[in-house]
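*Asks:* Dropping the structure in here first, questions after.
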Amino acid sequence: MRYLKTLTLFTLIIGFSGLAFTQIDLEQKAKEILNKVTKTYKNQKTLYSEFNITTENKAEKVEPVTEFGKIWVKGDNYKLELNEHIIICNGKVIWTYLKNSKELTIENYDSKNVEISPATIFNFYQKGFQSKFDGNYTKDNIKYNKIALNPNDKKKPYFYITLHVKEDDSNIKQVDISYKSGIRQTINIISQQSNQELDSKFFEYDPIVYPATTTDDLR
């Protein structure tokens, strides 16, 4: 009987040790993949991307809504076009312009308060998350690695995030965000183009191009 108890205890210890090492391996693999992703985007002076955002609300059983957008990024500067929204940031100020109503809102830019968005999906994972390799798959003859991200701050509005990273070039193809409210958002990168020549004026609001009938300055 004592032998059986000892053998059972030994088996459990070995089993839990195996799980622990597996967890460490998954975290290490995720770190290696994300390091490659970071290096890929750091080597790009500018980045232009076209994408779709699909929003599903399973709690209210609403039909998914898909929106098309474009984003130009250069350091902390970005310009985002999403439906009627034009959002321009020069790293200090954010201008949000509504094309239909010609309304303009001006705010100070604070990188600490920026949540996940098309403008940050190429680097948001670098801080505030526990990462784990979540398997791989092949689609249209392209291999992808999945990285599961869990926020360190449990007060965040989302449970977890999944990155889909192309294995051949370490570019992010898709981001899945699962919110506590029951909303699921998928950002699918359609195309990317790097190192376009973009001067500083491109990331400034131009009243001639985007004339405003009303302006709300919140600075």
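Readers should treat all values here as calculations from the given coordinates under stated rules, not as data from a laboratory. Not measured: the values here are computed from a predicted model. Cβ atoms come from the backbone with ideal geometry, glycine included; neighbour counts cover every protein chain shown.
*Asks:* What list of ³J(HN,Hα) couplings, whole Hz, do you get for the stretch 97-109 from phi and the Karplus terms 6.51, -1.76, 1.60, once you set θ to phi - 60° and write x for glycine and proline?
*Replies:* 10, 9, 5, 5, 9, 6, 9, 10, 10, 10, 9, 6, 8
*Asks:* Rank these for me by crowding, 210, 125, going from fewest to most other beta carbons within 10 Å.
*Replies:* Fewest to most other Cβ atoms nearby, the residues stand as 210, 125.
*Asks:* Give the relative contact order (percent, whole number) for the stretch 63-219; include only Cα pairs under 8 Å separated by 6+ residues.
*Replies:* That works out to 20 percent.
*Asks:* Tilt of helix 2-42 relative to the longest C-alpha principal axis of the chain, in degrees (0 to 90, nearest 10)?
*Replies:* Orientation of helix 2-42: about 20 degrees from the principal axis.
*Asks:* Show me the trypsin sites (Lys or Arg not before Pro) within the stretch 149-180 that DSSP assigns to loop and that have at most 14 other Cβ atoms within 10 Å of their Cβ.
*Replies:* 154, 155, 180
*Asks:* In debye, nearest 20, what is the charge dipole magnitude of the chain about its Cα centre with +1 on Lys and Arg Cβ and -1 on Asp and Glu Cβ, if you could check?
*Replies:* About 1120 debye.
*Asks:* Moving on to the next point. In deg cm²/dmol and to the nearest 500, what is the mean residue ellipticity at 222 nm of the chain if only DSSP H runs of at least 4 residues count, each as -39500 (n - 2.57), divided by the residue total?
*Replies:* When only DSSP H runs of four or more count, the value is -7000 deg cm²/dmol.
*Asks:* Okay, next question. Please sort by residue number the trypsin sites (Lys or Arg not before Pro) in the stretch 29-95 whose DSSP state is loop and whose Cβ has at most 13 other Cβ atoms within 10 Å.
*Replies:* For trypsin sites (Lys or Arg not before Pro) across the stretch 29-95 that sit outside H, G, I, E and B with at most 13 neighbouring Cβ atoms in 10 Å, the list reads 45, 58, 61, 92.
*Asks:* Can you put 122, 68, 202, 51 in order, fewest other beta carbons within 10 Å first?
*Replies:* So the residues, fewest neighbours to most, are 68, 202, 51, 122.
*Asks:* Setting aside same-chain residues fewer than 8 positions from residue 166, which aspartates and glutamates have a Cα under 17 Å from its Cα?
*Replies:* Output for residue 166: 32, 50, 134, 140, 176.
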